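Quick notes on the structure that follows.
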Amino acid sequence: MARANPTWQVIGVDLTEAHIAAAKSAAAELPNVHFQVGNYERLPHDVGTFDAVFAVESLCQTDDLPQALAELQRVLRTGGSLVVIDCFRNQPLDQFDDDLQLAAQLVEKTTAVDAFSTVDGFCALATQT
């Protein structure tokens, strides 16, 4: 994205210095890409800073999804775009048979997630935040 749009400024945020160091190394030749340690529940940016926010395989990790969504909305400009790439269920876990419930729970645990949100539940929360 940054390579294809050199006039854009791209900022990556991650919780850990190690991930930031790896990202900086991978993007060293891109002068329009910057990285910072931070938490998407409390971003160090002003209201309406970004035209777009990408949350890639991260919102499923939060303990406070409403706060994370509110913070992402806060830093988006009016009319900006939030792009979420994450794991979701199509329906609540209790609607699966026992074997499928166990399989889903094991997948969630292997990705260090307590439980995936349902698509409908996530969209409803995102819409009201």
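The values are calculated or read from the model by the stated rules, or taken from the named source; none is laboratory data. Because the structure is predicted, anything quoted here is derived from the model rather than measured. Backbone-built Cβ (ideal geometry, glycine too); neighbour counts: all protein chains shown. Ligands, DNA and RNA are excluded from the accessible area calculation, which covers all protein heavy atoms including side chains. Shrake-Rupley method; radii C 1.70, N 1.55, O 1.52, S 1.80 Å.
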- Residue, most open to solvent (accessible area, probe 1.4 Å), within segment 57-86, restricted to residues that are more than 16 Å from ALA115 (Cβ to Cβ) and β-branched (Val, Ile, Thr): THR78
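Take the residues in segment 29-53 that are open to solvent by 80 Å² or more (accessible area, probe 1.4 Å) and modelled with pLDDT of 95 or more, then tell me which one is nearest to ALA112 (Cα to Cα).
Restricting attention to segment 29-53, the residues satisfying the condition of being open to solvent by 80 Å² or more (accessible area, probe 1.4 Å) are 29, 31, 34, 42, 44, 46-47, 51.
The next check asks that each one be modelled with pLDDT of 95 or more; those that pass are 29, 31, 34, 46-47, 51.
Values: GLU29: 32, PRO31: 33, HIS34: 27, ASP46: 31, VAL47: 31, ASP51: 30 Å.
Checked segment 29-53; the qualifying residue nearest to ALA112 (Cα to Cα) is HIS34.
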- When you scan segment 25-129 for helices (runs of 4 or more DSSP H) that lie fully inside it, which ones turn up with 1 or more residues that are within 30 Å of PRO6 (Cβ to Cβ) and of a type in the set (A, V, I, L, M, F, W, C)? 65-75
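Those residues that are more than 13 Å from THR111 (Cα to Cα) and not aliphatic (A, V, I, L, M), I need them from segment 51-61; list them, please.
Residues of segment 51-61 more than 13 Å from THR111 (Cα to Cα): 51-56.
Within segment 51-61, ASP51, PHE54 qualify.
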- What are the residue pairs meeting all of these: first residue in segment 1-18, first residue more than 25 Å from GLN61 (Cβ to Cβ), second residue among the small types (Gly, Ala, Ser) and open to solvent by less than 100 Å² (accessible area, probe 1.4 Å), Cβ atoms under 8 Å, and 6 or more apart or on different chains? TRP8/ALA2
- Message: Pull out all pairs, ordered by first then second residue, where Cβ-Cβ is under 8 Å, the residues are six or more apart or on different chains, the first lies in segment 85-110 and is under 26 Å from LEU69 (Cα atoms), and the second is open to solvent by 100 Å² or more (accessible area, probe 1.4 Å) and part of a loop (DSSP other than H, G, I, E, B).
- Response: ILE85/GLU57; ASP86/GLU57; CYS87/GLU57; GLU108/ASP114
- Query: Yes or no: ALA52 under 19 Å from the mean Cα position of the chain (by Cα) and under 23 Å from GLN9 (Cβ atoms)?
  - Reply: yes
- Just for segment 13-24: of the residues that are open to solvent by less than 90 Å² (accessible area, probe 1.4 Å) and assigned to a helix (DSSP H, G or I), which one is farthest from ARG3 (Cα to Cα)? ALA18
- modelled with pLDDT of 90 or more and in contact with a helix residue (DSSP H, G or I) (Cβ under 9 Å, 6 or more places away or on another chain): does that describe LEU65? yes
